[in-house]
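These notes concern the structure reproduced below.
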Amino acid sequence: MGNQPTLRGAPVHDASQRNHDVFGPGGQGLVALRDEVFDHGPDPDNPGWHHWNLKDETLFNGAVMGKLITRIDDDGKARLRMFPERRHQNLQGIIHGAVTLSLIDISLFTTMHNIGSGNAGPSVTVELSTQFVGGGKPDMPLDAVCEIVRETGSMVFVRGTVVQEDHAVASFSGIVKKIKPRAAA
C-alpha cells in the first residue's frame, strides 16, 4: 500500500471522500457503533469534523472528557480532538496526565472506526505505552493523531502523537482486541 492513504484497504484520494465513506452520506455514521447509544454525526460548529460522543453524558467520555470530535486528515491519519476545561488541569496548571491518557485510549477506537475496519466496538484496549514529552496547555484544543500499523481479524495496532498545533505532548502505541460476540447458551 505504500504511503497512499487507504480506507479499509482501498485507495482514497482526498479527506472529504474519506470522511464521506467513513461517516456515510450526510454524516449519519456506520452502524458498527450503535446509533442509539453513540453520536458520530457531523459537528455543525466544526465543519469537516464529526462528533465522537456517547449519548449518555453520565458515562466516562462525556462526564470526564467533555465534547470530542474527530476527522481524517489529508495524510490519512485519524485525529481526535478534545477541548480542555479547568477540570482537566493539574496543580501545575497543565492538562492532567490522566486526561491525556484517556484521550489516547479513546483515540484507539476512533482510529479503528475512521481508518480501520470500521468496527470499533465491541473491543478493549489490551496494551497502551505512552511517553510524555511536554505539558498540555489548558487554553488550546488537544489532539491525538493516529495511524494503524497493522490490523488483523482480532487485533489492531495503533501508534500516534498527542499535539497542540506544533507542540508535542506525548507519543504512544496501543493494541486493541476485537471481542467476538459469545454464542447463546
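Bear in mind these aren't lab numbers, they're just calculated from the coordinates by the rules spelled out. Everything numeric here is computed off the predicted structure, so don't read it as measured data. So basically every Cβ, Gly included, is an ideal-geometry build from the backbone, and we count neighbours across all protein chains shown.
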Whole-angstrom gap from region 94-109 to region 132-180, using each part's C-alpha centre = 9
Using the 10 angstrom Cβ neighbour count as an exposure proxy, how do R79, R71 rank, fewest first?
-> R79, R71
Run down the lysines and flag those whose C-alpha is under 30 Å from the C-alpha of K137, throwing out any fewer than 8 positions away in its chain.
-> K55, K67, K77
N46 paired with D75, simple spin-label distance in nm, labels 7 Å along Cα-to-beta-carbon | 1.9
How much FRET efficiency would the formula 1/(1 + (r/R0)^6) give for T152 and T130, where r is the Cβ-Cβ distance and R0 is 30 Å, rounded to 0.05?
-> 0.85
Using just the C-alpha positions of region 63-148 as equal point scatterers, what log10 of I(q)/I(0) does the Debye formula give at each q in 0.13, 0.18 1/Å?
-> -0.42, -0.79
